[in-house]
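No lab work stands behind these numbers, since they all come straight from the coordinates. What you are looking at is a predicted structure, and each value in this text was computed from that prediction instead of being measured. Here the Cβ positions follow ideal geometry from the backbone for every residue, glycine too, while neighbour counts run over all protein chains shown.
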Amino acid sequence: MVDLGKRLKDLRKEQGLTQQQVADRVWVSKAMISSYELSTRAPSYEVLIKLSKLFGVSTDYLLGVERKRTIDTSGLSDRQIRLILDLIEEMSD
């Protein structure tokens, strides 16, 4: 099973973010993000939720309970992608 730290690091790098940028967006220190990625500390529930929203994945994905699901949006306009994301959000509620 992939650990939380590896998933966080992979997601951060996929989005081209630094540890400091992630830290600023979830209101923790850069050192905390580093410790999460090194798996020496685990985030609080509140921070875990913020991280899942930041990266657009579920908390279950971050915790290794489910696999990441992707949708190929190549060839779609920004408007079409937004409509798909809105539909997914609507169905998730």
Restricting to the stretch 1-60, name every residue that is over 19 Å from residue 85 (Cβ atoms) and touching a Pro at 6+ places or on another chain (Cβ under 7 Å). 36
Counted residues in the stretch 43-62 being over 8 Å from the mean Cα position of the chain (by Cα) and exposed (fewer than 14 other Cβ atoms within 10 Å of the Cβ) come to 4
Where a residue in the stretch 24-46 is part of a helix (DSSP H, G or I) and its partner, wherever it lies, is crowded, with 16+ Cβ neighbours inside 10 Å and of a type in the set (Val, Ile, Thr), with Cβ under 7 Å and at least six apart: 26/47; 33/22
